[in-house]
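So the structure is just underneath, and the comments pick up after that.
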Amino acid sequence: MSGRSEDPDPLRTEVFTRVFDEHWAAVRHHIEGVVGAEEEVTEIVSEVFLLAWTKLRPARPPSRVWLLRAADRRLRARSGRSSTPYGALDAVHVGLSGEEGRPDQRGRVEVLRALSVLTPAQRRIIMLTYWDGLAVGEIAELMRASEFRVRKTLGRARHRLCAELGLEGATTGDD
């Protein structure tokens, strides 16, 4: 006897491995948009996938949206202030302006200031669009809102951000 036990449910392990491989990077990227400390990002990602493992039903594995919701719940539960790393601010700037390359410190401050005029829902939709790269339908599913409402909120948020950043003539996608 080797001392190693057989996997009691190989199908469950196989399904979890597939879910982990397909969605780990997206979940980590989502969390990095809010948390700056590498160790904390790793800890939260681990907690999300541990939850996914404990609730896993092989017939209905968790989707990317389910995992991002779990990450959001974990992020809300953590103590301390959230901080937006430069990468997220850069993604919003590039997404709105269409300019390639990273903005300088002044550009990041302007984006941060512009984001502060948005409502929390508008800010979240902007970050899910530009940082996480989610489509309107995925955002609607994640937020449990209609696609119409998400599209309308996204349009208003883009318009306010462009006005704040002096980008009125910029094209921002599917307005």
Legend entry - Estimated inter-spin distance, Glu99 and Arg144, nm [label 7 Å along Cα→Cβ]: 4.0
Legend entry - Percent of alpha-carbon pairs separated by more than 22 Å within the chain: 51
Legend entry - Inter-label distance for Glu40 and Ser116, nm, one decimal - labels placed 7 Å from Cα along Cα-to-Cβ: 2.0
Inset, instruction - Give the carbon-plus-sulfur fraction of the accessible surface of the chain in %, rounded to a whole number; probe 1.4 Å, heavy atoms of protein chains only. - result: 52
Inset, instruction - Provide the FRET efficiency to the nearest 0.05 for the Arg106-Glu168 pair, computing r from the beta carbons and using R0 = 25 Å. - result: 0.80
Legend entry - Where GluC sites (Glu not before Pro) in DSSP loops with at most 16 other Cβ within 10 Å are excluded, longest remaining stretch of the chain: 7-98
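Taking region 1-70, which chymotrypsin sites (Phe, Trp or Tyr not before Pro) meet the DSSP loop condition and have no more than 12 other C-beta atoms within 10 Å?
none
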Inset, instruction - Take Arg144, Arg113, Arg123, Arg158 and sort them by solvent-accessible surface of the protein heavy atoms, 1.4 Å probe, largest at the top. - result: Arg144, Arg113, Arg123, Arg158
Inset, instruction - Leaving out ligands and nucleic acids, note down the accessible area per residue over the chain with a 1.4 angstrom probe, in whole Å². - result: 60
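The values are calculated or read from the model by the stated rules, or taken from the named source; none is laboratory data. Keep in mind that what you see is a predicted model, and the values were worked out from it rather than measured. Counting neighbours? That spans all protein chains shown, and the Cβs are built from the backbone with ideal geometry, glycine included. The accessibility values were calculated without ligands, DNA or RNA, using every heavy atom of the protein model including side chains. Shrake-Rupley method; radii C 1.70, N 1.55, O 1.52, S 1.80 Å.
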